[in-house]
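The values are calculated or read from the model by the stated rules, or taken from the named source; none is laboratory data. Because the structure is predicted, anything quoted here is derived from the model rather than measured. Ideal geometry is used to build each Cβ from the backbone, glycine not excepted, and the neighbour counts take in all protein chains shown.
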Amino acid sequence: MEDTIAAISTNLSGPAGIGIIRVSGEDAIAIADRIFLSPYGRKLKEAASHTIHYGKVLDADGRVCDECLVSVMRAPHTYTRENVVEFNCHGGILVQKKVLASVIAAGARPAQPGEFTRRAFLNGRIDLSQAEAVMDLINAKNSWAVSASVLQLSGRLSRELEEIRDGILDHTARIEAALDDPEHMELVNYGSILEKDVERWESQLNALLEHADEGRILKEGIRTVILGRTNAGKSSLMNLLSGADRAIVTDVAGTTRDILEENVTVNGLSLLLMDTAGIRRTDDIVEKIGVEKAWGAVEDADLILYVIDSSQTLEEEDYSIIRRLKESGVFYITLLNKNDLNARLKKEDIKLLLPSPVISFSARTGDGMDELKRILTEKFASGALQSNDQVIITNERHKYLLREAQKSLNNVEKSIRDGLSEDFFTIDLMGAYTSLGMILGKEIEDDLADRIFSKFCMGK
Ligand SMILES: Nc1nc2c(ncn2[C@@H]2O[C@H](COP(=O)(O)OP(=O)(O)OP(=O)(O)O)[C@@H](O)[C@H]2O)c(=O)[nH]1
Ligand SMILES: [Mg+2]
């Protein structure tokens, strides 16, 4: 924490208009002054905080690397709460690397991934859940995931958990004081007072956990399994939705053998699409494994797209699929594919067998796509995913700790109901206090923070 760190904060995957080299630490401004040449002879150390200055950056030999604008931000009102300097140089990869090398030669150390955010955390500007929200925001794959991360970054989750922790501490302190000094403080009927608060906290945690599945969907995408008989057109649908020749399509039954995954966005909704092997009895050992995998994928799907070739009649395999879909409890949509050919199956035929939306579709012409998109958005946007105000838990670590806290609170309730003595309450109260604190990074071992920040990208 004592040294000054530097990294390229912009994306290095290709040339861009601007590249930013960020420097943070006590000496950031002094280091920047060593390599910054102002046409007006200005020194950055004399610059007011949060101002921006035009000049040249020199390398170790005094040669000009680039022209740039340099922002000077003094502690503590910065991202890291330390002195921060940002070189806004040209966005070429080589230019950025040269400017960074020059900053390093002038005395900074290359930053680790996530080290700026780590400093923001260690300096108390944000808590761990907010730091994690920064990473989620950067990695967000769709607009809902962005909103969820922004909400968490704003500290909504932190405040809710802090309030519960305050309450817990309050009760614990009162119980312990009374146990220490029974002559002056009484605990008559304390269980029933405590119970009301515990119940309220439990329902708060419940609400957070109830939306946690939406969080997974937001983050990873809706796990969407494309299921159907061989040659129904599953891989064609995969290609149509992903807008690319992702999967091999042939008229040979049994073309797809393995599960093929692809992230696609439909009306701002991300789907983790899985194309599977066509369902049929087969002696081919590879295909057999593929069919088993397809059945397996149904187990943890959020959505199933059941593809039927409408130019054919239903066969035994279709009836097993239909049975499985009904049992699965997963939301499914049936696509009567190949509607550009002569139909041998009608919507009504399917609706009788399988209560679900049925769409007349063609993976070849794209007919039915709009209806599919409409149903998808309707189902997920207006149904499950429209909890604008609710803090949505997107992080597995948070989910786990919320459940741990819930268990501890359950134990408190049980102790109260069983009429146990008050010191039993405090043990589990403190259990919940600790679990919630771990979400915020208040009770945490260093190696956990290390692990979390090591997953960050460079320069953040
Ligand atoms: N006419 C017509 N042909 C289609 C349509 N969709 C797919 N096909 C054709 O049907 C054949 C099988 O398509 P695939 O997408 O490979 O079918 P699949 O379900 O992935 O087949 P397997 O991987 O073998 O299970 C190919 O020849 C496609 O060109 C469609 O909407 N209309
Ligand atoms: Mg296929």
- Query: Which residue out of Lys293, Lys346 is of a type outside the set (Asp, Glu) and more than 30 Å from the chain's Cα centre (by Cα)?
  - Reply: Lys346
- Considering region 424-460, residues that are modelled with pLDDT of 80 or more and charged (D, E, K, R), and then whichever is farthest from the chain's Cα centre (by Cα), we arrive at Asp428
- Message: Tell me which helices (runs of 4 or more DSSP H) are completely within region 187-274 and hold 3 or more residues being farther than 24 Å from Gln312 by Cβ, or say none if there are none.
- Response: 190-210, 212-220
- Item | Residue count for region 311-331, restricted to those that are under 20 Å from Trp295 (Cα atoms) and within 16 Å of ligand 1 (Cβ to nearest atom) | 7
- Collect the residues in region 211-258 that are of a type in the set (Val, Ile, Thr) and more than 30 Å from Asp136 (Cα to Cα), keeping them in residue-number order. Thr230, Ile248, Val249, Thr250, Val252, Thr255, Thr256
- Query: Within region 260-280, which residues are within 13 Å of ligand 1 (Cβ to nearest atom) and either under 24 Å from Arg374 (Cβ atoms) or not small (Gly, Ala, Ser) (or both)?
  - Reply: Leu260, Leu273, Met274, Asp275, Thr276, Ile279, Arg280
- Assess whether Glu316 counts as being farther than 20 Å from Met274 by Cα, acidic (Asp, Glu) and more than 33 Å from the chain's Cα centre (by Cα). yes
- Query: What about Ser49, is it at pLDDT 95 or above and in a loop (DSSP other than H, G, I, E, B)?
  - Reply: yes
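Quick grid of which residues meet (1) at pLDDT 90 or above; (2) part of a strand (DSSP E or B); (3) assigned by TED's automatic domain parsing to the domain that holds Asn239; (4) within 16 Å of ligand 2 (Cβ to nearest atom):
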position: Thr313; (1), (2), (3), (4): yes, no, yes, no
position: Tyr319; (1), (2), (3), (4): yes, no, yes, no
position: Ile322; (1), (2), (3), (4): yes, no, yes, no
position: Ala343; (1), (2), (3), (4): yes, no, yes, no
position: Glu348; (1), (2), (3), (4): yes, no, yes, no
position: Leu376; (1), (2), (3), (4): no, no, yes, no
position: Arg397; (1), (2), (3), (4): no, no, no, no
- Query: Which ones in region 89-127 are part of a helix (DSSP H, G or I), among the aliphatic types (A, V, I, L, M), in contact (Cβ under 8 Å) with a residue 40 or more places away in the chain and assigned by TED's automatic domain parsing to the domain that holds Cys68?
  - Reply: Ile93, Val95, Val99, Leu100, Ala101, Val103, Ile104, Ala105
- Note on the structure: Exactly one of Asp251, Asp283 is more than 16 Å from ligand 2 (Cβ to nearest atom) and out of contact with any helix residue (DSSP H, G or I) (no Cβ under 9 Å at 6 or more places or on another chain), and that one is Asp283
- Pick from region 358-372 the residues that are of a type in the set (Gly, Ala, Ser) and touching a residue at least 60 places away in the same chain (Cβ under 8 Å): which of them is farthest from ligand 2 (Cβ to nearest atom)? Gly366
- Message: Testing Ile8 on (1) closer than 23 Å to Met135 by Cβ; (2) modelled with pLDDT under 95, one condition comes back false. Which one is that?
- Response: (2)
- So, first residue closer than 19 Å to Glu348 by Cα in region 295-321, second residue of a type in the set (Gly, Ala, Ser) and more than 14 Å from ligand 2 (Cβ to nearest atom), Cβ within less than 6 Å, six or more apart or across chains; the pairs are Ser310/Ala343
- Task: Select, from Arg156, Arg200, the only residue that is out of contact with any helix residue (DSSP H, G or I) (no Cβ under 9 Å at 6 or more places or on another chain) and within 24 Å of Ser435 (Cα to Cα).
- Result: Arg156
- Message: So Ile175 passes all but one of these: (1) farther than 30 Å from Ile392 by Cβ; (2) crowded, with 18+ Cβ neighbours inside 10 Å; (3) touching a Ser or Thr at 6+ places or on another chain (Cβ under 8 Å); (4) outside the structural domain of Ser421 (by TED's automatic domain parsing). Which condition number does it fail?
- Response: (4)
- Message: Residue under question is Lys338, and the condition is that it be without any contact (Cβ under 8 Å) to a residue 40 or more places away in the chain, within 16 Å of Thr313 (Cβ to Cβ) and either over 34 Å from the mean Cα position of the chain (by Cα) or within 16 Å of ligand 2 (Cβ to nearest atom) (or both); does it hold?
- Response: no
- Return the only residue of Glu220, Glu202 being away from ligand 2 (no atom under 16 Å from the Cβ), surrounded by fewer than 19 Cβ atoms within 10 Å (Cβ to Cβ) and either at positive phi or modelled with pLDDT of 95 or more (or both). Glu202
- Here the residues within region 324-337 that are in a helix (DSSP H, G or I) and among the small types (Gly, Ala, Ser) are Ser328
- Query: Considering only residues of region 243-259 that are among the aliphatic types (A, V, I, L, M) and farther than 16 Å from Asn231 by Cβ, which is farthest from ligand 1 (Cβ to nearest atom)?
  - Reply: Ala244
- Query: What number of residues in region 408-442 are loosely packed, with under 13 Cβ neighbours inside 10 Å and either in contact with a strand residue (DSSP E or B) (Cβ under 8 Å, 6 or more places away or on another chain) or of a type outside the set (S, T, N, Q) (or both)?
  - Reply: 5
- Checking Arg257, Arg229 in turn, the sole residue that is among the basic types (Lys, Arg), more than 31 Å from the chain's Cα centre (by Cα), within 15 Å of ligand 2 (Cβ to nearest atom) and at pLDDT 90 or above turns out to be Arg229
